[in-house]
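Reviewing the structure listed below.
Just so you know, all these numbers are worked out from the coordinates, no wet-lab data involved. The shown structure was predicted, so the numbers you read here are calculated from the model rather than taken from an experiment. All Cβ positions, glycine included, derive from the backbone under ideal geometry; neighbour counts span all protein chains shown.
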Amino acid sequence: MRAKLLLLLVLGLPVLLCGQTPREAPPQAVERIAREVRHQLIMLPYLDVFDNITFNVTGYNVTLKGQVSNPTRKKEAERAVKQIEGVENVDNQIEVLPTSSIDDELRLRLYRAIYGFGPLEKYAMPVIKPIRIIVKSGNVTLEGVVDNNADKDMAGIRANGVSGAFSVTNNLVVAPDK
């Protein structure tokens, strides 16, 4: 009896371990899923400049990360990604930022300071704003992509000049030359 139990445990262990690791996917499937995820996320109806959603595709699994200012957006993002053909699992690690009228006012002041500043107005043109403004309890993080280091520095300086911001972290990335 003991030998049978040991044999079952030894034979069953690889099955358990296989179930815990992501299933391999061909590179073209991963690329297609990534394109679809990106598309679905930018098509979310209420996604705005104060939300930052990133993702990672591993095999047929998608991990969502980032921050949103409304809990509904977290659910919408997960729902949209789950509908993509080939996606087997969605790990939704998106953080919902705390509700705060003080943070909301700070967001608006930051938006005006960055997107209303002459040299940075070009970033206000696209529907999906490339500079994301994340505010959590008065702490500001800038995420996204800009054209050059001067724009990155200007956005950081403009954000640092807004009253009510306790700290500013500038995570903007300079787009690679094409």
Legend entry - Cα-projected label distance for T54 with R112, points at 7 Å along beta-carbon direction, nm: 3.1 nm
Inset, instruction - Only residues of the stretch 136-178 count here: report those whose backbone N is under 14 Å from the spot 7 Å along Cα→Cβ of R38, or say none. - result: 145, 175-176
Legend entry - Correct choice for Rg and Dmax of the Cα atoms in Å that was computed from the model, options (i) 21.1, 79; (ii) 22.4, 77; (iii) 17.0, 61: (i)
Legend entry - Estimated dipole of the chain in Debye, rounded to 20 [Cβ of Lys and Arg +1, of Asp and Glu -1, Cα centre]: 380 debye
Legend entry - FRET efficiency estimate (nearest 0.05) - Cβ-Cβ, M125 to E24, R0 45 angstrom: 0.65
Inset, instruction - Using a 10 Å cut-off on Cβ atoms, rank the peptides 163-175, 57-69 from the highest mean neighbour count down. - result: 57-69, 163-175
Inset, instruction - Return the percentage of antiparallel bridges among DSSP beta bridges fully within the chain, rounded to the nearest 5 %. - result: 50 percent
Inset, instruction - Determine the alpha carbon to alpha carbon distance for each of K65/K129; K65/K136; K74/K152 and list only those over 24 Å. - result: K74/K152
Inset, instruction - Report, in deg cm²/dmol and to the nearest 500, the calculated mean residue ellipticity at 222 nm for the chain, where each DSSP H run with n ≥ 4 adds -39500 (n - 2.57) and the sum is divided by the residue count. - result: -13500 deg cm²/dmol
Legend entry - Two-site label geometry, K82 and N171: point separation in nm, points 7 Å out along Cα→Cβ: 2.5 nm
Inset, instruction - Tabulate in residue order the Karplus-calculated ³J(HN,Hα) for the stretch 82-95, using 6.51 cos²θ - 1.76 cosθ + 1.60 with θ = phi - 60°, rounded to whole Hz; enter x for Gly and Pro. - result: 4, 7, 6, 4, x, 6, 9, 8, 10, 9, 8, 9, 5, 8
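Once you order the gyration tensor axes a ≥ b ≥ c over the Cα atoms, which shape class does the stretch 82-128 get: rounded for a/c under 1.5, otherwise prolate or oblate by comparing a/b with b/c?
Because a/c hits 1.5 or more and a/b fails to exceed b/c, the stretch 82-128 counts as oblate.
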Inset, instruction - Among DSSP beta bridges lying fully in the stretch 101-174, give the percent that are antiparallel, nearest 5. - result: 50 percent
